[in-house]
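The values are calculated or read from the model by the stated rules, or taken from the named source; none is laboratory data. Just so you know, these numbers come straight off a predicted model, no measurement behind them. Here the Cβ positions follow ideal geometry from the backbone for every residue, glycine too, while neighbour counts run over all protein chains shown.
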Amino acid sequence: MSDRLFYDPATYRAGDSVGFLVRQVNLSLVRYVDAKVAAFGLTDAQWAPLLLIQHGPRTAVELAHELRMSAGAMTRLLDRLQAKGLIRRTRSQTDRRRVILAITPAGERAIREVPSVLAQANNAHLAGFTREEFRTLETLLRRLVDNGLRLGAGKR
């Protein structure tokens, strides 16, 4: 096997793969954050769009693209956020076909502590790492993301 190939189909075990391990970390982070943001009346699916909307006007199409969601799933999610009074939708003054999403004061209150929860979740998962190990991990993960982008697997 080449030095550039890390997996051999004959001995491949899914549970030992980078993809599986990254997914396990992601699931653990999601469970941790979900448990914490529930206190604010949010789910994992709800806090991310709220944070993105908070940082500037977005359309549903832009948000769906950023969060890798279908248009239908995004519409249902936005319906729930609007029903909870966390966002508002307004027609664009320049293009009536566009609907601009904005966070409401209730939405601002709901996500006020989310950045703190996200920092806690990441720090808890990095327990025992040195600063150097953290930087190395971050660099390696960015390389994986960049490789995926080059393959067309994670279009931004």
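Key figures for this structure:
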read-out: The listed residue being over 18 Å from the mean Cα position of the chain (by Cα) and at pLDDT 90 or above, out of 90, 75, 94; value: 90
read-out: Residue 128, sole failed condition from (1) surrounded by 11 or more Cβ atoms within 10 Å (Cβ to Cβ); (2) at positive phi; value: (1)
read-out: Count of residues meeting criterion [more than 22 Å from residue 141 (Cα to Cα) and without any contact (Cβ under 8 Å) to a residue 24 or more places away in the chain] in segment 113-130; value: 1
read-out: Condition broken by residue 105, with the remaining ones in (1) surrounded by 11 or more Cβ atoms within 10 Å (Cβ to Cβ); (2) within 24 Å of residue 81 (Cβ to Cβ) satisfied; value: (1)
read-out: Total residues in segment 19-34, condition closer than 16 Å to residue 123 by Cα and of a type in the set (Gly, Ala, Ser); value: 1
read-out: Residue 98, sole failed condition from (1) surrounded by 12 or more Cβ atoms within 10 Å (Cβ to Cβ); (2) under 19 Å from residue 42 (Cβ atoms); value: (2)
read-out: Pairs where the first residue, in segment 30-43, is of a type in the set (Phe, Trp, Tyr) and the second is in a helix (DSSP H, G or I) and surrounded by 12 or more Cβ atoms within 10 Å (Cβ to Cβ), C-beta under 7 Å, 6+ apart; value: 32/121; 40/110
read-out: 1 or more residues over 23 Å from residue 31 (Cβ atoms): qualifying helices (runs of 4 or more DSSP H) within segment 70-156; value: 71-83, 105-111, 131-150
read-out: Leading residue by the ranking (surrounded by the fewest Cβ atoms within 10 Å (Cβ to Cβ)) among those in segment 1-38 that are hydroxyl-bearing (Ser, Thr, Tyr) and assigned to a helix (DSSP H, G or I); value: 28
read-out: Number of positions in segment 47-61 that are of a type in the set (Gly, Ala, Ser) and in a helix (DSSP H, G or I); value: 2
read-out: Answer from 140, 67, 151 - the residue that is among the aliphatic types (A, V, I, L, M), at pLDDT below 95 and exposed (fewer than 12 other Cβ atoms within 10 Å of the Cβ); value: 151
